1. Can you say whether Val78 is modelled with pLDDT under 95 and hydrophobic (A, V, I, L, M, F, W, C), as far as the supplied structure shows?
2. Hey, among the residues in the range 92-134 that are surrounded by fewer than 13 Cβ atoms within 10 Å (Cβ to Cβ) and polar (S, T, N, Q), which one's modelled with the highest pLDDT?
3. Does Thr87 meet the test of being modelled with pLDDT of 95 or more and either surrounded by 15 or more Cβ atoms within 10 Å (Cβ to Cβ) or farther than 22 Å from Ser133 by Cα (or both)?
4. Would you please list the contacts, defined by Cβ atoms under 6 Å and residues six or more apart or on different chains, that run from a residue in the range 113-129 that is farther than 17 Å from Leu48 by Cα to a residue that is of a type in the set (Lys, Arg)?
5. Taking Tyr76, is it hydroxyl-bearing (Ser, Thr, Tyr), crowded, with 18+ Cβ neighbours inside 10 Å and over 10 Å from the mean Cα position of the chain (by Cα)?
Amino acid sequence: MRRLLVLFVALAVLVVPAASGNGSPYSPGLAGWEGVVAANGAVRFVTLGAGGRTNVAKIQLRTGRVLGSRLVRGQYGVPIVTYDGTTGGISGDGRSLVIASYGPLPGSPGTTRFLPIDTKTLKPGRAIELEGSW
């Protein structure tokens, strides 16, 4: 079962970026297809679209093993925080990951949503919504 889950995540990480230019609901500034590596360098957090939900996965870098995953309501991505594509979203103390969503379309008036995720349990916190593109 674990091998199947690892295979699914690996395929999704490889296939989903190719779809980003074909009507993907994610803004290129929010997708962060490579995810973000924790400050300790041991794990990577990735987001994978799952219909109207997002699968947040925690993957061990050394082995590629999926340490946990959780479906959250809404379409979110790991934020890209610089023009060179560097991702972010891990808090200074490493306890939280913040994923984001922007709609309706990049560059148009909309709402930015931020969802904090506990990095140990992957449990989502309370979403924060701000008008405009942040």
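The values are calculated or read from the model by the stated rules, or taken from the named source; none is laboratory data. Keep in mind it's a predicted model, so treat the numbers as computed, not measured. In this analysis, Cβ positions are derived from the backbone assuming ideal geometry, glycine residues included, and neighbour counts consider all displayed protein chains.
1. Numbers: modelled with pLDDT under 95: yes; hydrophobic (A, V, I, L, M, F, W, C): yes.
So Val78 passes the test.
2. Checking each candidate, the answer is Thr121.
3. Details: modelled with pLDDT of 95 or more: no; either surrounded by 15 or more Cβ atoms within 10 Å (Cβ to Cβ) or farther than 22 Å from Ser133 by Cα (or both): yes.
For Thr87, the condition - modelled with pLDDT of 95 or more and either surrounded by 15 or more Cβ atoms within 10 Å (Cβ to Cβ) or farther than 22 Å from Ser133 by Cα (or both) - is not met.
4. Listed pairs, sorted by first residue: Ala127/Arg113; Glu129/Arg113.
5. Values: hydroxyl-bearing (Ser, Thr, Tyr): yes; crowded, with 18+ Cβ neighbours inside 10 Å: yes; over 10 Å from the mean Cα position of the chain (by Cα): no.
No.
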